[in-house]
Amino acid sequence: MRGTQVLLALLAAGSLTLGAGLALAASTESKAPEGSKTPAVSKAPATAGEKEAAVDRIVRGEVTAVETGAKTLTVKAMRGKEVETVAVEVPDTAKIHQGKATKVLADIKVGDRVWMKYDRMSDKLVADQIRILKPVPMASKSETSKKTY
C-alpha cells in the first residue's frame, strides 16, 4: 500500500514538472526578441483591398529623416550586421511618447533614437507607436584614453 502511494506521488510530481516545462517552453518560444525580423503579432486578416494581412513589426534605431508635411519618418536600424532603413507613414492616430509625455511628429528630430512599432498594409508601412528614447551618453575622449590594457 505504501509503495503504491509513493509511486502515485512520483507520477503526479513528474507530470506536473513536465506540464510546467512545456508551458515554459511555449511561453519562451512565443516571445520574439525586440527588433527581430519575425512578426511579433498578427492583426486582423486582410480585407479584399489588401494584398496581405497587417503584421506588427518593431524596429529601434536613429531617425534619419522627418517630413511633417508628408507625415513620414525614416529610421536607420541594425539587423544583425546589416543596416536597414525603414520609412513609414505616421498617421494622426499614431501614439508618440517620450517617457510619459505625449508628443507629435514635429517633436521628433533627425538624430533622435526611437523605438517604433509599425504595420505593413498593402504596399506601405504605417507607424502605430513611436517612443523617443533617451540619448546615449558618449564617453569623453579622456575617459577612453585612461584605459590600461
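Values for this structure:
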{"item": "The stretch 110-124: number of residues that are assigned to a strand (DSSP E or B) and within 19 Å of T68 (Cα to Cα)", "result": "7"}
{"item": "Selection count where residues are within 16 Å of the chain's Cα centre (by Cα) and either surrounded by 14 or more Cβ atoms within 10 Å (Cβ to Cβ) or assigned to a loop (DSSP other than H, G, I, E, B) (or both), scope the stretch 75-86", "result": "6"}
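Bear in mind that the values in this text are calculations on the coordinates, not laboratory data. Being a predicted model, the structure only gives us computed values, none of them experimental. Reconstructed Cβ throughout: ideal geometry from the backbone, glycine too, with neighbour counts over all protein chains shown.
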